[in-house]
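I have placed the structure first, in the form of structure tokens, so that the comments after it can refer back to it.
The values are calculated or read from the model by the stated rules, or taken from the named source; none is laboratory data. Just so you know, these numbers come straight off a predicted model, no measurement behind them. A quick note on method: Cβ atoms are made from the backbone with ideal geometry, for glycine too, and the neighbour counts reach across all protein chains shown. Each accessible area value is taken on the protein alone, full model and side chains, heavy atoms only, with ligands, DNA and RNA left out. Shrake-Rupley method; radii C 1.70, N 1.55, O 1.52, S 1.80 Å.
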Amino acid sequence: MATALAVSIVAKAVTSLVASAINVREFSKNVQVNRAQCELLAGRIEQISALTAMMLERGDLVTVYNIEATLADLADAVDRAQELMREFGAKSKWHQKLLSTGSFRSAFEDVNARLSSILQHLDVTIALSTVFNPADDTAAEASDLASIRESLDAIVTMHAEDRKLLSSIYSRQRDLEANLVQSLRDHLHATVVAPHAQPPADKYQHLEIPFWQLCFEEQIGRGGFGTVY
């Protein structure tokens with residue numbers, strides 16, 4: 001016969017588990033990658049938490065051998081699932097991990113194996129295959145890999161466009177430097193080499209600003225007559 005203290009401890013652990021299952025579901029909605037596998041994992045955690053709550057209500061849960069340790073293991077597995085989903089929710093981390101490990105399969109297999117073992121220990125009447133169907137994992141992984149390939153293609157395209165932009169910027173910078181040198185050379189020729197030259201025929205020429213005196217900063221527009229800085 002379980003003591004009131006034991007029942008209270010188990011009830012508190014189940015309440016915490018149900019809350020964690022809700023958090024896992026929310027995390028699964030915000031992942032950047034492996035969405036199908038994360039949603040499948042979140043669904044399994046929801047099923048297990050619902051089963052434990054039902055067993056607690058019936059009074060069956062407290063009779064399970066070493067139930068407090070089992071619930072602690074379950075909470076740890078759920079925490080690991082949340083940690084995974086936080087990693088997949090970070091924009092700059094998932095592709096780094098993919099390049100270093102080559103796959104996410106082992107991470108999901110570890111959490112699913114722990115959950116499956118815990119479900120077996122609870123000895124519930126539900127068939128294990130209804131919660132952990134290998135075909136579901138295979139389909140989810142295939143869907144996620146297809147999404148990953150699309151994401152990687154987009155990253156490659158983005159980097160290629162960035163390289164083109166940088167090349168254009170460098171080319172423009174070289175042109176500006178060449179124009180600056182030529183403008184300075186013309187200015188020195190006009191002020192040093194030919195200081196007694198005749199006044200220009202164009203009476204407005206003195207209003208022109210030498211190119212070497214210009215400072216190009218942010219581009220604000222472009223039109224038929226040129227670019228505006």
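What to note about this one:
- Pick from the range 29-41, criterion in contact (Cβ under 8 Å) with a residue 24 or more places away in the chain and touching an Asp or Glu at 6+ places or on another chain (Cβ under 9 Å), ranking: surrounded by the fewest Cβ atoms within 10 Å (Cβ to Cβ): ARG35
- Pairs, first under 14 Å from ILE48 (Cβ atoms) and part of a helix (DSSP H, G or I) in the range 63-75, second at pLDDT 85 or above and basic (Lys, Arg), C-beta under 8 Å, six or more apart: ASP73/ARG114
- Selected residue (criterion: nearest to the chain's Cα centre (by Cα)) from residues of the range 156-181 that are at pLDDT below 75 and β-branched (Val, Ile, Thr): VAL156
- Residues (modelled with pLDDT under 80, open to solvent by 50 Å² or more (accessible area, probe 1.4 Å) and farther than 19 Å from ILE45 by Cβ) located in the range 130-148: LEU145, SER147
- Within the range 42-60, considering residues that are open to solvent by less than 70 Å² (accessible area, probe 1.4 Å) and polar (S, T, N, Q), the one farthest from the chain's Cα centre (by Cα): THR52
- As a summary of the residue check, HIS189 satisfies the conditions (1) over 18 Å from VAL228 (Cα atoms); (2) modelled with pLDDT of 75 or more except for the one numbered (2).
Matching residues to (1) among the hydroxyl-bearing types (Ser, Thr, Tyr); (2) open to solvent by 20 Å² or more (accessible area, probe 1.4 Å); (3) more than 28 Å from the chain's Cα centre (by Cα); (4) within 23 Å of GLY89 (Cα to Cα):
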position	(1), (2), (3), (4)
ALA11	no, yes, yes, no
VAL14	no, no, yes, no
LEU17	no, no, no, yes
PHE27	no, yes, no, yes
ASN66	no, yes, yes, no
ALA72	no, yes, yes, no
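- Candidates MET55, MET85 - the one that is of a type in the set (A, V, I, L, M), farther than 25 Å from VAL31 by Cβ and touching a residue at least 60 places away in the same chain (Cβ under 8 Å): MET55
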